[in-house]
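In what follows, a structure is listed as structure tokens, so that the remarks can point back to it.
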């Protein structure tokens with residue numbers, strides 16, 4: 001049986017080809033064309049939310065597809081002014097909501113960005129990256145987690161970035177051999193403990209990042225009984241790892257800066 005790391009390495013080496021294949025599929029091609037041809041015509045967050053195809057595509061690109069039916073919440077997130085710490089997107093635990101609001105900028109200073117060609121390209125690329133990761137996850141949970149972690153690693157600046165994301169938390173839990181209940185304790189204290197065990201700066205080094213991912217995949221295989229990476233488990237458990245933490249945050253540690261959209265591979269357009 002192929003190990004999770006071997007499968008991850010294969011996908012990583014052929015990622016651009018994987019993206020091209022994903023883009024060529026009929027349903028994906030139609031949705032990409034619809035998004036590219038229509039996103040610039042949207043004039044408000046309400047318009048975007050009302051167009052189910054644009055909404056689903058956009059949410060998928062930001063890892064928020066599970067929020068498709070929470071349209072009132074999504075609209076309020078899109079209308080958030082990220083300069084206002086009281087705005088909903090700033091108070092959300094999961095930073096994907098803030099990224100989503102920042103990308104389109106319907107509620108912030110300046111003009112909305114939905115007509116920006118670079119943004120359109122980035123959202124399409126991110127949509128395809130997510131689709132590739134999801135397809136791998138159907139066969140091997142560890143590979144999906146590893147690909148997601150690799151894509152997010154450049155943005156991890158503190159352990160609170162990890163605590164705010166279920167999938168990132170699971171990767172760290174497995175890689176550092178932490179107990180299942182570890183994230184239920186006081187997070188400020190936990191951050192101090194983890195800082196003494198692992199230097200997050202290592203994740204900015206490609207060699208160290210690969211070592212970390214290899215460690216994660218090996219331990220994940222051991223924890224789940226082989227190279228299937230947890231495939232024999234309930235699919236809902238895997239999907240739940242990628243659902244956002246949507247509850248508002250009360251702690252200042254979660255008020256993070258908004259980095260640019262993470263894009264991997266060549267633009268499709």
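Only the coordinates and a few stated rules stand behind these numbers; no lab work does. Source: prediction; values computed, not measured. Glycine gets a Cβ as well: all are built from the backbone with ideal geometry, and neighbour counts include every protein chain shown.
Just grab the label-to-label distance for residue 138 and residue 24, each label 7 Å out from Cα along the Cβ direction, in nm (one decimal).
1.8
Answer rounded, prolate or oblate for the range 1-105, using the Cα gyration tensor with square roots of eigenvalues a ≥ b ≥ c: rounded when a/c is under 1.5, else prolate when a/b is larger than b/c, else oblate.
Verdict is oblate for the range 1-105.
Give the separation of the Cα centroids, the range 1-66 to the range 103-129, in Å.
Here the answer is 14 Å between Cα centres.
Counting other C-beta atoms within 10 Å, which of 60, 217 has the fewest, and how do the rest follow?
60, 217
Assuming R0 = 22 Å, what is the FRET efficiency of residue 86 and residue 191, from their Cβ-Cβ distance, to the nearest 0.05? List each step's numbers first, then the result.
Numbers: r = 25 Å, r/R0 = 1.13.
With R0 = 22 Å, the Cβ-Cβ based efficiency is 0.35.
What order, most packed first, do the peptides 108-118, 156-166 have when packing is the mean number of other Cβ atoms within 10 Å of each residue?
Per-residue mean Cβ counts within 10 Å order the peptides as 156-166, 108-118.
Highest first, please rank the peptides 33-46, 123-136, 85-98 by the mean number of other Cβ atoms sitting within 10 Å of their residues.
Going from most to least packed, we get 123-136, 85-98, 33-46.
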